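Values in this text are rule-based calculations from the coordinates and carry no lab data. Bear in mind the structure is a predicted one, so any value in this text is a computation, not a measurement. Cβ coordinates were reconstructed from backbone atoms using ideal geometry, including for glycine residues, and neighbour counts include every protein chain displayed.
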Amino acid sequence: MSDADLIIIGAGPAGMAAASIAVQGGMRVLVLDEQPRAGGQIYRNVGNGAPRGWLGKDYAAGAGLVADLGHPNIRAEFGATVWRVEVGGRVIWSQGGISHISAAPHLLLAGGAQERPTPFAGWTLPGVMPAGAAQILMKTAGLLARDAVLAGSGPLLYLIAAQMIDAGAPPKALVETQTRAMMLRALPSLPRAVLALPTLVKGVGLLQKIRSAGVVRHTGAAAFHAEPNDKGDIAFSFTAKGRRHRIETPLLLTHQGVIPATHISRAAGVRHRWNHAQQAFEPIVGPWGRTDQPHIHIAGDGAGIAGADAAQAAGALAALDILHLAGRIGEDSRNQRSTAPRAALTRARAIRPFLDAAYAPSPEILAPEGKTIVCRCEEITAADIRQSVAEGANGPRQVKTATRAGMGPCQGRMCEITTRGILAACGTSPSPPRARTPIKPITLGEIASLQEQNA
Ligand SMILES: Cc1cc2nc3c(=O)[nH]c(=O)nc-3n(C[C@H](O)[C@H](O)[C@H](O)COP(=O)(O)OP(=O)(O)OC[C@H]3O[C@@H](n4cnc5c(N)ncnc54)[C@H](O)[C@@H]3O)c2cc1C
């Protein structure tokens, strides 16, 4: 007995856009999201609590999508963590310590992205955290980091810096790893990026805001090192323009871009490939979001990084295709109604090759060395992993067996991609690591509580 005609995992821009289109076609939709409310990463907590104008108008624009989830044919469950996805449409999710089984003929995975881990000496110290995590605190609790240093690479770093400036808590410094060579490699993609001119203009605007706020900016930085100082803060040192620099800060916020969160799609058995430009694994999806698994579509940053506008458009396209596959609309109607989202997707994606090249993750972060911790859960270092490779491990599974890297509570979310980077640096080209159920940590009680839901 199906609970819905379509189950959507993830209430970010992709999932919300898809839900809205699907119900317009008469479908009953079940939306599951582990966050307390809709919004995903970009629109996290939008419309809830005190307005935070300093998060910007793009953020505020998400309120409309969230409101559309109020449709009577949408059942949205929050605080609902999906930990198992089965081909054939069964989904197992936990909420408030109780597990539930839901089923539907169609499944849309819209689980989004995660921040790329940024391993360097000292990244696990108190006082060092991902910049995206700090932004989550800004969105959910209005918490602002004071005198923080932002370090790494990627457009999100500029956005967070600008939001901090507008909130009256400008960062102490911006330390960026992108080099002149990366910028030169990106130049050939600039003409195509002009298709997404508003995004380009927004980026230039963020940089101007950072400059006019007088934030110290270093580029071409490398050899990151963090250690505690005698005041309990962080002493952050790095090399830039041939000189060693040292900055003391209560909070070091790191970022090297975002990567597709693929545990759910890998556990669902969807085929994946290595995206060299984005230095990440991604599921293989067709132009409508179809995968090699029957009735599983994927949309949004979980299918490859392209940003919120692309996620929204891809969600709409996937929903139109699902309506067609379910016999709710004909092929012509699907194709006609896809014109606008298809054009929006093309525009949003046009800037990716430029951004991927200009803000490529730093090689030191991709394949660290020495005592740098790679697996935070099990405290496995880069040297341990390189040793296991020297002793014959030639893939992620052998490295995991030999070192326990990836066997902790995060199930490899913080280390898999680095292990892959080290394996590649040692001359192998690893296949995507397998992901097993449960894809999120759950208690034995939650397994024991499994009960069939009767709609
Ligand atoms: C930390 C972070 C901050 C970001 N901030 C911005 C920003 O301010 N501006 C911007 O333009 N872009 C931002 N991005 C980029 C962001 O990926 C895209 O802008 C956009 O949100 C992608 O939309 P999406 O619908 O694909 O996924 P998301 O918006 O990420 O939504 C995916 C949803 O799926 C849910 N989910 C995932 N797995 C499960 C599961 N197993 N069970 C239940 N629910 C699940 C998540 O809780 C999430 O709500 C950020 C990315 C990250 C990682």
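Take 94-102, 218-226 and order them by the average number of nearby Cβ atoms within 10 Å per residue, most first; the result is 218-226, 94-102.
Annotation: extensible slack from A181 through D233 equals 15.4 nm (criterion: 0.36 nm per residue apart, minus Cα-Cα distance).
Here the gap between S431 and L444, fully extended at 0.36 nm per residue and compared with their Cα-Cα distance, gives a gain of 1.6 nm. The convex hull drawn around the Cα atoms of region 40-85, when projected onto a plane and averaged over every direction, covers 4.4 nm².
For the pair Q398 and I136 in one chain, pulling the backbone fully straight at 0.36 nm per residue adds 90.8 nm over the alpha carbon distance.
Treating each Cα of region 117-256 as an identical point scatterer and summing with the Debye formula, the log10 of I(q)/I(0) at q = 0.13 Å⁻¹ comes to -0.57.
If R0 is 41 Å, the Cβ-Cβ spacing of I98 and A167 corresponds to a FRET efficiency of close to 0.60.
If you look at the Cα atoms of region 323-401, you get an Rg and a Dmax of 22.7, 59 Å.
Absence of a disulfide-compatible partner, taken as no other cysteine beta carbon within less than 4.7 angstrom, is noted in the chain for C377, C410, C426.
Take each of the peptides 291-299, 58-66, average the number of other beta-carbon atoms within 10 Å over its residues, and list them starting from the highest. Show your work: numbers first, answer last.
Values: 291-299: 22.3, 58-66: 17.6.
In descending order of packing, they fall as 291-299, 58-66.
Taking 51 Å as R0, compute the FRET efficiency from the Cβ-Cβ separation of T346 and R246 and round it to 0.05.
Working: r = 46 Å, r/R0 = 0.89.
Using R0 = 51 Å, I get an efficiency of 0.65.
Before rounding to the nearest 500, sum -39500 (n - 2.57) across all DSSP H runs of length at least 4 in the chain and divide by the residue total; then give [θ] at 222 nm in deg cm²/dmol.
When only DSSP H runs of four or more count, the value is -9500 deg cm²/dmol.
With the charge dipole of region 99-238 set up from +1 on Lys and Arg Cβ and -1 on Asp and Glu Cβ about the Cα centre, the Cα lying farthest toward the positive end among the listed residues L174, A226, P126 is that of L174. The region of the chain that goes longest without hitting one of the GluC sites (Glu not before Pro) in a DSSP loop, each with at most 16 other Cβ atoms within 10 Å, is 1-368. Would you please state which residues of region 413-432 a label at I284 would reach in this model, taking the label point 7 Å out along Cα→Cβ and a backbone N cut-off of under 18 Å? Inside the label zone: 429-432. Between the helical axis of 416-425 and the dominant principal axis of the chain, each derived from Cα atoms, what acute angle in degrees is found, rounded to the nearest 10? That works out to roughly 60 degrees.
Run through every distinct alpha carbon pair of the chain and return the Kirkwood hydrodynamic radius in angstroms, one decimal place.
On the way: mean 1/r = 0.0439 Å⁻¹.
Hydrodynamic radius (Kirkwood, Cα only) of the chain equals 22.8 Å.
Could you compute the FRET efficiency for R90 and A61, with r as their C-beta to C-beta distance and R0 at 25 Å, rounded to 0.05? It would help to have the intermediate numbers written out before the result.
Working: r = 35 Å, r/R0 = 1.40.
According to the calculation, E is roughly 0.10.
Helix 339-350 axis versus longest C-alpha principal axis of the chain: approximately 20°, rounded to the nearest ten. Inverting the pair-averaged 1/r between distinct Cα atoms of region 367-455 gives 14.0 Å as its Kirkwood hydrodynamic radius. The angle between the Cα long axis of helix 197-212 and the longest principal axis of the Cα atoms of the chain comes to about 40 degrees, rounded to the nearest 10.
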